[in-house]
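**Student:** Take a look at this one; I'll ask things after.
The values are calculated or read from the model by the stated rules, or taken from the named source; none is laboratory data. Remember, predicted model here, so these are calculated numbers, not experimental data. Quick reminder, even Gly has a Cβ in these numbers, built from the backbone with ideal geometry, and neighbours come from all protein chains shown.
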């Protein structure tokens, strides 16, 4: 209240500085959380995209009665699909999303056969400190992520 008995509205400079400091601390604490969430989204999308491509390659091998090979290029973060004559069949060279790379892709090529089987492979993708694993079952040729049931 002022000397005349009337209250004055508004905030003091000290109150404004305290509120700004609190906002700064909250933003500073939450930024790493958003960065990690971005890595999670990137690795999830890259995993789902690769699984969809592998399923498409498997389907093509079975329906067209032809071997389909998926060749991984870990140094370039890319992969491509070929038939037995090394012609591109499903998609041309496919790049992983920015910020996503390979930890493992052993062996460097995966084969899908006309009978539905496949060469066994485990692929591990990474984004930041996160990893996602994709396994291809040799008997059925089905690709599944570590999160699929």
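**Student:** Does residue 71 satisfy being in contact with a helix residue (DSSP H, G or I) (Cβ under 7 Å, 6 or more places away or on another chain), under 29 Å from residue 40 (Cα atoms), surrounded by 13 or more Cβ atoms within 10 Å (Cβ to Cβ) and modelled with pLDDT under 90?
**Tutor:** no
**Student:** Now for a different question. Mind checking whether some residue in segment 123-136 is loosely packed, with under 13 Cβ neighbours inside 10 Å, modelled with pLDDT of 90 or more and not in a strand (DSSP E or B)?
**Tutor:** First, pick out the residues of segment 123-136 that are loosely packed, with under 13 Cβ neighbours inside 10 Å: 129.
After this cut, where a residue has to be modelled with pLDDT of 90 or more as well, the list is none.
So far as segment 123-136 goes, no, none of its residues is loosely packed, with under 13 Cβ neighbours inside 10 Å, modelled with pLDDT of 90 or more and not in a strand (DSSP E or B).
**Student:** Among (1) modelled with pLDDT of 90 or more; (2) at positive phi; (3) within 20 Å of the chain's Cα centre (by Cα), there is one condition residue 116 misses while meeting the rest; what is its number?
**Tutor:** Among (1) modelled with pLDDT of 90 or more; (2) at positive phi; (3) within 20 Å of the chain's Cα centre (by Cα), the lone unmet condition for residue 116 is (3).
**Student:** Follow-up question, since we're still on this one. Only one of 99, 141 is at pLDDT 80 or above, under 15 Å from the mean Cα position of the chain (by Cα) and in a loop (DSSP other than H, G, I, E, B). Can you tell me which?
**Tutor:** Unique residue meeting the criteria: 99.
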